[in-house]
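Undergrad: Here it is: the structure, laid out below.
Every number here is computed from the coordinates shown, using simple stated rules; none is lab data. Keep in mind it's a predicted model, so treat the numbers as computed, not measured. When we count neighbours, we look across all protein chains shown, and the Cβ atoms used for this are built from the backbone with ideal geometry, even at glycine.
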Amino acid sequence: MRSKAFFVNGGYGRMISSIPSLELYADENPNDDFIIVCEGGTDAFKGHPILDKRAYDAWHKNLFEEKIKDREIVTTEPYRVWEYYNQKCSIAQAFDIEINNKGVRDLPRPQVNLSKEELIAGRKVNSDVKEKLGKKKTIVLQPFGRGMQYIDNSFIDSSGRSIEYKDVKDLIRKLQKNDYAVIIMAEMQFDFSKDKFKDEVAMPENVSLRQWLSIIKFADHFLGCDSVGQHFAYVAETDATLVIGSTYPINVSYPDCEYFELVDLGMNDRIYDPIRIMPDECTSRQNENIMAMTNEIQDYVIDRVLRKPKDETD
C-alpha cells in the first residue's frame with residue numbers, strides 16, 4: 001500500500017476544516033507516512049503536534065521528486081461530496097468522508113496551536129482597544145467574505161455571503177450603544193469619518209490571520225458572516241453570532257455549537273449555489289441580495305450578541 005499525499009486547497013477556513021479528518025487519518029492509519037500539500041499555504045498547520053511536520057507548501061523545493069512521486073495523490077474537494085451539496089454534513093465532515101471514507105460522523109474541534117508571541121499580540125490588541133475607548137468589552141466584527149468587491153464606490157458581494165455595508169454601519173452604532181468596543185476584521189480600511197459614530201472603530205493593520213485568531217480568542221464576542229473569522233471563533237471557543245445568507249448553516253458553520261448563535265437570513269429564499277462544481281449565474285442572482293437587513297433584523301442580531309432570550313425578541 002502506498003502512502004498518501006493529500007492535496008488541500010482554498011482559503012484558511014478550508015484548511016482549518018480539514019484538520020480533524022487529517023488527525024483521525026493519522027490515528028487510524030499509523031503505518032501511512034502521508035503528507036499534506038497545502039495549496040493555500042501551511043499557516044493553519046504550524047505548531048500542530050501531528051500535522052505540522054507533514055504539511056508542505058505546494059512550491060516546496062523538490063516536493064514532487066522527494067515526497068509526491070512515490071505516494072498516491074488524493075485531491076480533496078469537499079464541495080463535491082454528495083452529503084455536502086445535499087446538506088447532510090459540514091465542510092469538515094465532507095473532508096472526513098473524502099479522507100477517511102467512514103460516512104458522516106462527529107468530529108473533534110480543529111486544533112490550531114498559537115505561539116506565545118501570537119497570544120501576546122492578540123491579548124494586547126484587545127486590552128489596548130479597551131483602554132483607549134474606556135470599554136469593558138470588545139467585539140470583533142468581520143462583515144465581509146472573500147467575495148466582496150469594491151466597485152465604483154460601492155461594496156458588492158455577488159455570492160450573498162457578506163453583510164451589506166449600510167447594515168455594517170448600523171450594527172456598529174448599535175454595538176457601541178451597548179457599550180462594545182468594535183474591532184473590524186477586514187482586508188481593507190474604511191473611512192468612517194462622516195458617520196459620526198459614538199466611539200472610534202478599531203481597524204488593526206498588518207495583522208496576520210494567526211494573529212486574528214488570537215485577537216478573536218481574547219475578544220468578548222465575535223460577530224461575522226460565512227468567512228474565516230467564524231472558524232477562528234469556533235477554534236478559540238469565543239462566543240459568536242453568525243449572520244448567514246446564501247450558504248447553508250449545516251455546510252459552512254456550527255449550528256449545534258453551544259457558544260454559537262446563528263441568524264439565518266436565507267432560510268426561506270436561498271437556492272444552493274454549486275460553487276466549485278459548476279458556475280450558476282441564475283442562482284447567484286437569486287441569492288445576491290439575501291443578506292440585506294431591516295432595522296428589526298439588525299435589532300435581532302444585536303439581541304443574539306447580547307444573548308437575550310429569543311422570546312424577548314419576538
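Undergrad: With 10 angstrom as the radius, rank Ile68, Ile97, Ile50 by how many other C-beta atoms surround their C-beta, starting from the fewest. Intermediate values should be presented prior to the final figure.
TA: Details: Ile68 17, Ile97 21, Ile50 14.
Placing the least packed residue first, the sequence is Ile50, Ile68, Ile97.
Undergrad: Picking from Phe155, Phe45, Phe64, which is most flexible by a Gaussian network model of the chain using Cα springs under 10 Å?
TA: Comparing Phe155, Phe45, Phe64 in the GNM, the peak value goes to Phe64.
Undergrad: Straight distance only, please: which lysines reach the Cα of Lys174 with their own Cα at less than 22 Å, same-chain residues fewer than 8 apart left out?
TA: The qualifying lysines are Lys130, Lys132, Lys135, Lys136, Lys137, Lys166, Lys194, Lys196, Lys198, Lys308, Lys310.
Undergrad: Sort Asp239, Asp70, Asp96, Asp191 so that the residue with the fewest other Cβ atoms within 10 Å of its own Cβ comes first and the one with the most comes last.
TA: Values: Asp239 17, Asp70 11, Asp96 27, Asp191 6.
So the ranking, lowest neighbour count to highest, is Asp191, Asp70, Asp239, Asp96.
Undergrad: Between region 97-122 and region 1-48, how many Å separate their Cα centres?
TA: 10 Å
Undergrad: Once both axes come from the Cα atoms, what is the angle between helix 91-100 and the longest principal axis of the chain, in degrees from 0 to 90, rounded to 10?
TA: It works out to around 0 degrees.
Undergrad: Nearest-5 percent of antiparallel DSSP beta bridges in region 116-312?
TA: On the way: 3 of 21 bridges.
Looking only at bridges with both residues in region 116-312, the antiparallel portion is about 15 percent.
Undergrad: Right, here's the next one. Once you wrap a convex hull around the alpha carbon atoms of region 224-291, what is its projected area averaged over all directions, in nm²? Walk me through the intermediate numbers first.
TA: Values: hull surface 18.5 nm².
Averaged projected area of region 224-291's Cα convex hull equals 4.6 nm².
Undergrad: Hey, in the GNM for the chain with a 10 angstrom Cα cutoff, which one of His60, His48, His231 fluctuates hardest?
TA: Greatest mean-square fluctuation among the candidates belongs to His60.
Undergrad: When the distances between all Cα atoms of region 116-312 are binned every 10 Å from zero, what whole-number percent does each bin get?
TA: The percentages, shortest bin first, are 9, 36, 38, 15, 2.
Undergrad: Quick check on region 13-69: what does the Kirkwood estimate of hydrodynamic radius come out to from the alpha carbon pairs, in Å? Before the final figure, lay out the partial values.
TA: Details: mean 1/r = 0.0846 Å⁻¹.
After inverting the mean inverse Cα-Cα distance, the result is 11.8 Å.
Undergrad: Also, quick follow-up: For the chain, what does -39500 (n - 2.57) per DSSP helix run (n ≥ 4), summed and divided by total residues, give at 222 nm, in deg cm²/dmol to the nearest 500?
TA: Working: 10 runs with 104 residues, N = 314.
Using -39500 (n - 2.57) per qualifying helix, the result is -10000 deg cm²/dmol.
Undergrad: Can you tell me which aspartates and glutamates have their Cα less than 19 Å from the Cα of Lys102? Leave out same-chain residues fewer than eight positions away.
TA: Glu23, Asp27, Glu28, Asp32, Glu77, Glu83
Undergrad: Taking the Cα centre as origin and putting +1 on Lys and Arg beta-carbons and -1 on Asp and Glu beta-carbons, what dipole magnitude results for the chain, to the nearest 20 debye? The partial results should precede the final answer.
TA: Working: 42 positive and 53 negative charges, 141 e Å.
The dipole of the chain has a size of about 680 debye.
Undergrad: Three principal axis extents, largest first, for the C-alpha atoms of region 99-139, in Å?
TA: The Cα atoms of region 99-139 stretch 51, 21, 11 Å along their principal axes.
Undergrad: Still on this structure, I have one more. With N set to the number of residues, divide the alpha-carbon radius of gyration of region 4-100 by 2.2 N^0.38 Å and report two decimals. Walk me through the numbers on the way to the answer.
TA: On the way: Rg = 12.9 Å, N = 97, 2.2 N^0.38 = 12.5 Å.
So the Cα radius of gyration is 1.03 times the expected 2.2 N^0.38 Å.
Undergrad: Let me ask something else about it. Just rank Val252, Val74, Val81, fewest to most, by other beta-carbon atoms within 10 angstrom. Can you show the working numbers first?
TA: Values: Val252 23, Val74 15, Val81 20.
Ordered from fewest to most neighbouring Cβ atoms within 10 Å, Val252, Val74, Val81 come out as Val74, Val81, Val252.
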